[in-house]
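Down below is the structure, laid out as structure tokens.
The values are calculated or read from the model by the stated rules, or taken from the named source; none is laboratory data. Just so it is clear, the structure is predicted and the values come from calculations on it, not from any experiment. Note that we place each Cβ from the backbone using ideal geometry, even for glycine, and neighbour counts take in every protein chain shown. The protein model used for the area step is the full one, side chains on, heavy atoms only, and it has no ligands, DNA or RNA in it. Shrake-Rupley method; radii C 1.70, N 1.55, O 1.52, S 1.80 Å.
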Protein chains: 4
Amino acid sequence: MIIHLKEGIDDNIVLALAEQNECLYYKKNNQYIFINSSSVKQLPQALESYTESFKVLSSDIQLASKEYQAEKREIRVGEEIIFGGNSNNTIVITGPCSVESEEQLDISAQNCVKNGVKIIRAGCYKPRTSPYSFQGLGKEGLILLDGVRKKYGLKVITEVRDATHVEDVIEYADIIQIGAKAMYDQGILRACSEIRKPVLLKRGFGSTLQEFVQAAEFILSGGNEQVILCERGIRTFETKTRFTFDLCGVAYLKQYTNLPVVLDPSHAMGYAYGVADLARASVAMGVDGLLIETHPTPKIAKSDAAQQLDFNQFNEMYQSLEPIAKAVGKNLI
Amino acid sequence: MIIHLKEGIDDNIVLALAEQNECLYYKKNNQYIFINSSSVKQLPQALESYTESFKVLSSDIQLASKEYQAEKREIRVGEEIIFGGNSNNTIVITGPCSVESEEQLDISAQNCVKNGVKIIRAGCYKPRTSPYSFQGLGKEGLILLDGVRKKYGLKVITEVRDATHVEDVIEYADIIQIGAKAMYDQGILRACSEIRKPVLLKRGFGSTLQEFVQAAEFILSGGNEQVILCERGIRTFETKTRFTFDLCGVAYLKQYTNLPVVLDPSHAMGYAYGVADLARASVAMGVDGLLIETHPTPKIAKSDAAQQLDFNQFNEMYQSLEPIAKAVGKNLI
Amino acid sequence: MIIHLKEGIDDNIVLALAEQNECLYYKKNNQYIFINSSSVKQLPQALESYTESFKVLSSDIQLASKEYQAEKREIRVGEEIIFGGNSNNTIVITGPCSVESEEQLDISAQNCVKNGVKIIRAGCYKPRTSPYSFQGLGKEGLILLDGVRKKYGLKVITEVRDATHVEDVIEYADIIQIGAKAMYDQGILRACSEIRKPVLLKRGFGSTLQEFVQAAEFILSGGNEQVILCERGIRTFETKTRFTFDLCGVAYLKQYTNLPVVLDPSHAMGYAYGVADLARASVAMGVDGLLIETHPTPKIAKSDAAQQLDFNQFNEMYQSLEPIAKAVGKNLI
Amino acid sequence: MIIHLKEGIDDNIVLALAEQNECLYYKKNNQYIFINSSSVKQLPQALESYTESFKVLSSDIQLASKEYQAEKREIRVGEEIIFGGNSNNTIVITGPCSVESEEQLDISAQNCVKNGVKIIRAGCYKPRTSPYSFQGLGKEGLILLDGVRKKYGLKVITEVRDATHVEDVIEYADIIQIGAKAMYDQGILRACSEIRKPVLLKRGFGSTLQEFVQAAEFILSGGNEQVILCERGIRTFETKTRFTFDLCGVAYLKQYTNLPVVLDPSHAMGYAYGVADLARASVAMGVDGLLIETHPTPKIAKSDAAQQLDFNQFNEMYQSLEPIAKAVGKNLI
């Protein structure tokens, strides 16, 4: 249940009410919003006199649901870049899997600028499954990202791997990316719920849509309303491709949630050869953005070598997206 | 290994050679083509003097592979309708899940004609998972399909459920559909390998891409070269949607096989609300065709009620496909 | 709904009633049993005066459910061998994946006899996924099986691959095995519903438990009450082993159905090394039987070479099962 | 590659060598052990003169592999309790899903003592998928666990949910449990690699066996050799049960790794009715331990209510395990 309290209630009373009634809460403008389990179907009596309005939801997808708020949330990165809302934008984000060096990042940033791409992606804390692989440059990488942000006026999205460095990523990123393997990480989710910066939350590859959106509820219920969902492929029995891109799930998210949706065909496919086709399919779905991995020289990439596009492949693909975006009434940015 | 024999070898010798060397074979024009296991890497000595050329393949995806034949196969339904080849066609097929009555089928056929759709789909032998559900009209349905074919000049695709009625379906259908649950059925596959009519083979929802294309090899290796592959969703842990549409798999099929690919978003999604988005994504993938379930009144459909579009939904969606097809260089038919 | 009619109703009336009320039916002793969809919650008025008793079921798992019949069904193979019922038997079935030759089969039969195993398994129609692999000896294999049955007094279980040869398998087998890939094959299921011989139905590797038991309903609803369920592994994202053995599913089947359950660890594992451990786990589950693949010389087996035990491995494993069976109150046969 | 350096090399040299050659390392007794990627197949020249012996491994399952060390690792909890090694122990661990109150925990501890169970489990930081569910008592729970440890002489295993409280769990637990949702959490894995306490690592329900054991490598490669693997069910298409218990995977782990394996049938099944059967199957697999959830009154449990056994169910089940353990040569503790 989501409960909008009347304005002007004393903060101490709010705190006590929340605790007694097992509610999470946050303040929006001058109003407190309480949320308790969706299994509670009756407004708690103790809250009655403080309540302006309330809504009973059918599952713990609450704040993110169209049942609660039908309009798609608008998420701003800086002044100009808008995901969702009424923008009709499909925003392309690209860059290498990992920050590897200043030079590699600089060339990548130049290719963004050349194509008009406004947000660069690159990881500094890599969630590798083996301890014996390249693990990312860490804070050194964040500082390099800060460099290209300043030099080229790009916005930066980068991934937090675990709670030990979440503060650093929050400080340096314009959009904090929570990776698939960290989707359940409450240390990260709670840290992101307390800030007021956009968060791109990737679906765990073994996670249901219900769990995925509930992970977003961890962030939303702390008052950070700027959550973007990202589908990047789920794990199935098929092994010819790295993952299975769940576009049925994307249709579900568009139908039932109020959060912008960004798609990552690079990780879903795992091979460069299919990325362009899947990117075109993604744009035709009318989604709010795309994440595409590119690398100046994919073959020598320190991670995800097989799936990164080189700049020619990216640029050619990018050109092909424009008419599809137009066909579905979207502005490709 | 695929072996092209020299022309003019006596049929009895061919038969003996095939048996001795454990080869399947068929005759194309005046030439015999032998195929044995891909694990055979050396041309059998006994075949040497009869061989014009041969090709060693890396897996039992042989006749269907681009390694063997790089050009996409062309499949004709009647004179005018071409799947694959150089046609650049994306052919939309629609109709109800099941033939339910003459009237229902007639209205459905009219809606095809109205939109310029040239192939109607409808099942007569339904592969239901419960014996207590509607099982289809059987041969009576085939006769009704024959009726609308004649009345409206439509081509007919309909499904064979098991080998007991494969001859009937072969007789009545312009394209024989092998359903997902029958993908491994050698009774059907072998019957279809001996005919020279187009076959649309659906991927089993629990089947790997390797198995899927190998099922096509059963048909191809009997000499029926007219096989269309159809992705219709695979079974995964996600249950908010009926199946998971495997567009990564479609990218694989386009990259590695020479067979036309048709997509069925209706079965993948399982709910009408997502079908249009997925159909647009499918067209943007540049595939050779689409299968969309429609029903005059989906709510009262005897099978798949939740996923069939009504005619308004279909017609609106169909209009939206045209500009996407154009954007990817395809002719929508 | 399952409806027990009163005795002594005229056959023609029964036929008419079944048709008008969309019921399947069969005769047991002198009583007709009708079954219609579990979505029908009220006894059809037209049947009221003919009905002795009826039971509304919660899903289309009807005849197989404990809700309908709490006691486990007893299935006899010949006079002596009893699966289920009150027998407390755990019956071990073994033999090669495929009948390859008279000698191979004869040695295999001798090893059965030596260990006291009473039922031999071996396939004649192999449901291979590639047309270029060994497909089985067909009817020749059935005749060889008949030979060892007569020579050694063994019972024979063998698999039907598709409906084209179902009559032959029914004729030769003591237990008809419906393989995982044929689980949905209504041609086979309906043929098996009309006979009165035991049928071992394997779960499709992509099939839910609901669908699995509903496939059994196809057989049961035709009046063949002798159905044994067999779990043999499902397909998951894990590829280190061939399939994933679903023992949670076995617990479900034991809890909710009245059918005996036999387990096949050989196909689940796909590698000989794990079969003994899984066989011990299976016996500890208190199931009604085990299927174990053995081969005189696994390395040269024409199918499933990796997973078949040699006789030493089998015999050693078999010895280890006895005390576990005893520990869970079962008779190992 | 795993490289055993000669003894007596200066620490600063070791540090420099490790960095230059991209090796992880730890010190065991007086010897440094270096590990780099398994893709390195030749001993780096710079290390040659310092190397006593080295071993090339086929994958990044290195320290955990039988290739490297054939004998199963021995892990001691206190003086008396031994997992693995030559102990032949199967150690039963039980307790509630969550610490809910002092009383609930005390009764649970008493039931452990009554049955001779030596290790109690209970979670304080619950990795719930919804923010609106009970999240655990946190540090207050750890203190309660400390209470029963002292009062009853039990050892305590409890779960770390994310890196923000890993230090607290390390301080209070005798065995640190890394839950399925945290399996990839490098913040936790690295913290656990630096301590010298036993860690029970649960397999992520969407994680391959390869990734699972590689997560153990994160801990092992920091020098903490006390890692226990725990299979607790993977996510598949089957939804009648909560997860699918992967006993084929357990056979793999036993065959290829040197780590003790503990099984958790409670989470795999998700329903109390199947837990006893699966526990018996687990013991018959010859594993090193079992985790079973119990609760004084499961119906009112604040988490996992459906799957927890009450004490009667547990005690009855526990009695039945003894003869099976004996049958497979194991000591049930």
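Assess whether C:PHE34 counts as being more than 14 Å from chain B (Cβ to nearest Cβ), closer than 24 Å to C:GLN214 by Cα and surrounded by 14 or more Cβ atoms within 10 Å (Cβ to Cβ). Answer is no for this residue. Evaluate the following for D:SER53: is it of a type in the set (Ser, Thr, Tyr) and free of Cβ contacts under 8 Å to residues at least 40 places away in the same chain? Spelling it out, it is not the case that D:SER53 is of a type in the set (Ser, Thr, Tyr) and free of Cβ contacts under 8 Å to residues at least 40 places away in the same chain.
Here is the figure for the stretch D:228-238: residues that are out of contact with any Pro (no Cβ under 8 Å at 6 or more places or on another chain) and either over 28 Å from C:GLN307 (Cβ atoms) or more than 14 Å from chain A (Cβ to nearest Cβ) (or both) total 2. Can you name the residue in the stretch A:145-163 that is out of contact with any Phe, Trp or Tyr (no Cβ under 9 Å at 6 or more places or on another chain) and open to solvent by 40 Å² or more (accessible area, probe 1.4 Å) and is also nearest to the other protein chains (Cβ to nearest Cβ) among such residues? Among those that are out of contact with any Phe, Trp or Tyr (no Cβ under 9 Å at 6 or more places or on another chain) and open to solvent by 40 Å² or more (accessible area, probe 1.4 Å), it is A:LYS155. If you filter the stretch C:17-58 down to residues that are polar (S, T, N, Q) and touching a helix residue (DSSP H, G or I) at 6+ places or on another chain (Cβ under 7 Å), you find that the one that is nearest to C:ASN224 (Cα to Cα) is C:ASN21. Of the residues making up the stretch A:291-311, none is under 19 Å from the mean Cα position of the chain (by Cα), open to solvent by less than 10 Å² (accessible area, probe 1.4 Å) and within 11 Å of chain B (Cβ to nearest Cβ).
Applying the condition of being in contact with a helix residue (DSSP H, G or I) (Cβ under 7 Å, 6 or more places away or on another chain) and more than 14 Å from chain B (Cβ to nearest Cβ) to the stretch C:1-16 and asking which residue is least open to solvent (accessible area, probe 1.4 Å) yields C:LEU5. Can you spot a residue in the stretch C:146-153 that is part of a helix (DSSP H, G or I), in contact with a strand residue (DSSP E or B) (Cβ under 6 Å, 6 or more places away or on another chain) and closer than 20 Å to B:ALA182 by Cβ? Checking the stretch C:146-153: not a single residue is part of a helix (DSSP H, G or I), in contact with a strand residue (DSSP E or B) (Cβ under 6 Å, 6 or more places away or on another chain) and closer than 20 Å to B:ALA182 by Cβ.
Here is the figure for the stretch D:17-29: residues that are more than 27 Å from the chain's Cα centre (by Cα) and open to solvent by 70 Å² or more (accessible area, probe 1.4 Å) total 3. In summary, strands (runs of 3 or more DSSP E) completely within the stretch D:41-138 and bearing 2 or more residues that are surrounded by fewer than 17 Cβ atoms within 10 Å (Cβ to Cβ) occur at D:51-55, D:74-77. All told, C:SER193 meets the bar of being small (Gly, Ala, Ser), closer than 18 Å to C:ALA216 by Cα and open to solvent by less than 40 Å² (accessible area, probe 1.4 Å). Answer yes or no as to whether D:TYR125 is in contact (Cβ under 8 Å) with a residue 40 or more places away in the chain, closer than 30 Å to A:VAL213 by Cα and within 25 Å of the chain's Cα centre (by Cα). In short, yes. Go through the residues of the stretch C:216-233 one by one and say whether even a single one is aliphatic (A, V, I, L, M), farther than 21 Å from C:PHE83 by Cα and either at pLDDT 95 or above or open to solvent by less than 20 Å² (accessible area, probe 1.4 Å) (or both). Checked against the condition, which is being aliphatic (A, V, I, L, M), farther than 21 Å from C:PHE83 by Cα and either at pLDDT 95 or above or open to solvent by less than 20 Å² (accessible area, probe 1.4 Å) (or both), the stretch C:216-233 yields no hits at all. The set of residues from the stretch B:169-222 being out of contact with any helix residue (DSSP H, G or I) (no Cβ under 6 Å at 6 or more places or on another chain), in a helix (DSSP H, G or I) and more than 12 Å from chain C (Cβ to nearest Cβ) comprises B:VAL169, B:ILE170, B:GLU171. Kindly indicate whether D:THR257 is over 30 Å from D:ASP60 (Cα atoms), touching a residue at least 24 places away in the same chain (Cβ under 8 Å) and touching a strand residue (DSSP E or B) at 6+ places or on another chain (Cβ under 9 Å). When the stated conditions are applied, D:THR257 does not pass them. Could you tell me which residue of the stretch C:253-274 is nearest to the other protein chains (Cβ to nearest Cβ), considering only residues that are more than 19 Å from C:ALA180 (Cα to Cα) and more than 15 Å from the chain's Cα centre (by Cα)? The residue in question is C:GLY274. For the stretch D:85-143, filtering for residues that are on the phi > 0 side of the Ramachandran plot and within 14 Å of another protein chain (Cβ to nearest Cβ) leaves 2. Among the residues of this structure, C:VAL250 counts as one that is buried (at least 24 other Cβ atoms within 10 Å of the Cβ), among the β-branched types (Val, Ile, Thr) and away from chain B (no Cβ under 14 Å).
Against the criterion of being touching a residue at least 24 places away in the same chain (Cβ under 8 Å) and not β-branched (Val, Ile, Thr), A:GLN42 does not qualify.
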